[in-house]
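Please read the structure below before turning to the comments.
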Amino acid sequence: MRLRHLALAHFRRFAAFDHAFAPGPTIIWGDNGAGKSNLVEAAYLLATSRSPYSSSERDLIAWDCPHRPAFARTIGDCESHSRPVRIEIRLVEPGGNHSLADPGAAPGPDEPYHPPSVRRRALIDGQPKAIGEILGHLNAVHFSPEEVELVAGPGERRRRFLDIALSQLDRAYVRSLRRFQRAIVQRNAMLRRLRDDPALPRTQLDPWDAEAVAHGAVVIACRLRAVSRLNEALASLDGTAPGAAPIRADYVPSVDLRAINVPDGPYIRGWDEGDPQVVAVASAMARAMTASRGRDLGAGTTLVGPHRDDLVVRAAGIDQRLYGSRGQQRTAALAMKVAEAHLMAEVTGEKPVLLLDDVMSELDPGRRQFVEALAIDTDQAIVTGTEAAVFSDRFRGAASTYRLQHGNLVRA
Amino acid sequence: MPALLPDPISRAIESFGRLPGIGPKTAQRLAFHLLRQPREVAEALARAVVDLKDQILECSTCFNLGATDPCGICTDGARDRTAICVVEAPLDVIALEKLGSYRGLYHVLHGSFSPMDGILEDDLRIADLVRRVRAGGINEVIVATNATVEGEATANLVRTRLQSFDGVRATRLAQGLPIGSDIEYADDYTLTRALQNRTRL
């Protein structure tokens, strides 16, 4: 899995950027504010359709862009299973026409109009596609100092970790997750209607329970299997850095899954409602939703389901969110990311691109060495830092090293 | 703001601007276009719009739109009166009628179950459907709602409301491969469904 070439237009601070990446590690160093993270962000956007740093795509557009409507464009020429694929994402200012200054481009299918958000348009090999179609063409694992939140932050952060990892691996997961989320929005709206008007028959909740369970059970089953594979990978890290203490992640469901056995073996893609394990999870979830109805009505929101589940990350059995030091949390987060890369390689048969944004300065020498070895071992890694000196001579020898200055990469 | 445009023009722009998919720019273009057209064009448009409201009726049996009540399909003696096809919108009836192969009756719900849009069971024509089935003579209700989350929930609701009627078969449209397309290009969900709903060769 490789990103061979990255081209940007009006993306963050880059009016234009073009670079062909060599295989193996690429070091990009430069001053704070030079735009190193923007490059990592662009690569991650092409992999996941989302920014790792900003929840609003508005932030990604260079607003001094002379075009109206303003837009940002990222184009990645990737290689997956030795086949080239070109991924393009355009972020377009809301309002106005969206044809851009590109007469050859056919407009994408009409999407509902949401004024405050930026429109995302995706093209694969020049053909307009739904944004979700880009997932899986460029698989990436991203790590930055903020990723300590994966362990230290709220449960939402860990659910997103699982969702993004699985979305890159399994289209069926994306579809089930979206339909589940939609069903929950509808169920919550129904709950509030029932709360406001007690005369309405409660049986109108039944179809939403059924929809939430049908798709939510697939989400849970996929996550259980993925977590079991993550733990397999975490166990293989034992004794090596970063696992000074053995790290484990346990899925903490909001519905009672004690009767569910997660079978060993690789992660299987494309699970659906008919799978026996999904059926077992679905009946547990259906029971929990029925039992939770009274509380849900009072709260006006759905209190059980995969959107309420969490992942507890433990080192030597100790919950790192509650009891880990900042350093231990960072180590545990790094281990989770390494496990994610293992999972991706196992499922797709290709090592993902590692995007390591300014992580070296935060790590002790042993872990730095570990990360460098990892970056050399994978097909491609893009590694940033504020100075070349944070990287070992051995790593610099194996890497293509560039300095980012005035928006250009200069061979260093 | 001082009135830059004579009142009739700004009223026309305002009216066009209220239509779905028409922005302020397009509304202006439409208004000025009509201004330059012969009077007959404007009159034909005005009449068509008013007739739409005056002459289109909702069938009190199937709730499809038509020029008469009951509608042409409901009064057509040649149709199979034992089957009802439940759809979300009148346009779905047209799509099915184009086939020519479905000879049963219809029931238009006028929407799908969507609490977030304020559409609850009573806003759909489900109670009327139950009444039609209770009146007897129906062997099959084919639920042809969309394959969206809302369409599935609507189908689920219709199924539960009809489950007490013995001898009435509730069915759902099959989901699977589009005819004439390559398996290679089918999206994963469609392909999964096609596999689940496979039929004996």
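The values are calculated or read from the model by the stated rules, or taken from the named source; none is laboratory data. Computed from a predicted structure; not experimentally measured. Heads up, the Cβs are rebuilt from the backbone with ideal geometry, glycines too, and the neighbour counts pull from every protein chain shown. The accessibility values were calculated without ligands, DNA or RNA, using every heavy atom of the protein model including side chains. Shrake-Rupley method; radii C 1.70, N 1.55, O 1.52, S 1.80 Å.
Observations on the structure shown:
- Residue tally, condition under 15 Å from B:T160 (Cβ atoms) and more than 10 Å from every other protein chain (Cβ to nearest Cβ), over segment A:186-212: 1
- Check on B:L129, more than 11 Å from chain A (Cβ to nearest Cβ) and more than 29 Å from A:G300 (Cα to Cα): yes
- Sole residue being part of a strand (DSSP E or B), assigned by TED's automatic domain parsing to the domain that holds A:A20 and among the basic types (K, R), chosen from A:R73, A:R50: A:R73
- Of the residues contained in segment A:272-285, one or more are found to be under 23 Å from the mean Cα position of the chain (by Cα) and crowded, with 16+ Cβ neighbours inside 10 Å.
- Look at (1) in a loop (DSSP other than H, G, I, E, B); (2) open to solvent by 80 Å² or more (accessible area, probe 1.4 Å); (3) at pLDDT below 95 and you find that B:D69 fails only one, number (2).
- Among the residues making up segment A:149-163, a single one is surrounded by fewer than 21 Cβ atoms within 10 Å (Cβ to Cβ) and among the aliphatic types (A, V, I, L, M): A:A152.
- Answer residue from segment B:161-189, given it is at pLDDT 80 or above, assigned to a helix (DSSP H, G or I) and surrounded by 16 or more Cβ atoms within 10 Å (Cβ to Cβ) and is nearest to the other protein chains (Cβ to nearest Cβ) among those: B:R161
- Qualifying residue in segment B:111-126 (condition: in contact (Cβ under 8 Å) with a residue 60 or more places away in the chain, within 17 Å of B:L57 (Cα to Cα) and not polar (S, T, N, Q)): yes
- Segment A:334-364, residues that are closer than 19 Å to A:S51 by Cα and in a loop (DSSP other than H, G, I, E, B): A:P352, A:D358, A:V359
- Qualifying residue in segment B:153-163 (condition: in contact with an Asp or Glu (Cβ under 6 Å, 6 or more places away or on another chain) and basic (K, R)): no
- A single member of A:R229, A:R330, A:R314, A:R248 is within 30 Å of A:L363 (Cα to Cα), of a type in the set (D, E, K, R), surrounded by 15 or more Cβ atoms within 10 Å (Cβ to Cβ) and not assigned by TED's automatic domain parsing to the domain that holds A:V185, and it is A:R330.
- Any hit, segment A:171-185, residues being over 20 Å from A:P253 (Cβ atoms), more than 8 Å from chain B (Cβ to nearest Cβ), over 17 Å from the mean Cα position of the chain (by Cα) and of a type in the set (D, E, K, R): no
- Within segment A:342-361, tally of residues that are closer than 24 Å to A:Q328 by Cα and either surrounded by fewer than 16 Cβ atoms within 10 Å (Cβ to Cβ) or without any contact (Cβ under 8 Å) to a residue 60 or more places away in the chain (or both): 2
- The lone exception for A:C222 - which of (1) within 14 Å of chain B (Cβ to nearest Cβ); (2) surrounded by fewer than 21 Cβ atoms within 10 Å (Cβ to Cβ) it fails: (2)
- Residue tally, condition touching a Pro at 6+ places or on another chain (Cβ under 9 Å) and among the aliphatic types (A, V, I, L, M), over segment A:16-49: 3
- Complete set of residues in segment A:17-65 that are within 17 Å of the chain's Cα centre (by Cα), aromatic (F, W, Y) and modelled with pLDDT of 95 or more: A:Y44
- Scanning segment B:137-158 for residues that are more than 9 Å from every other protein chain (Cβ to nearest Cβ) and open to solvent by 40 Å² or more (accessible area, probe 1.4 Å) turns up B:G137, B:N139, B:E140, B:N146, B:A147.
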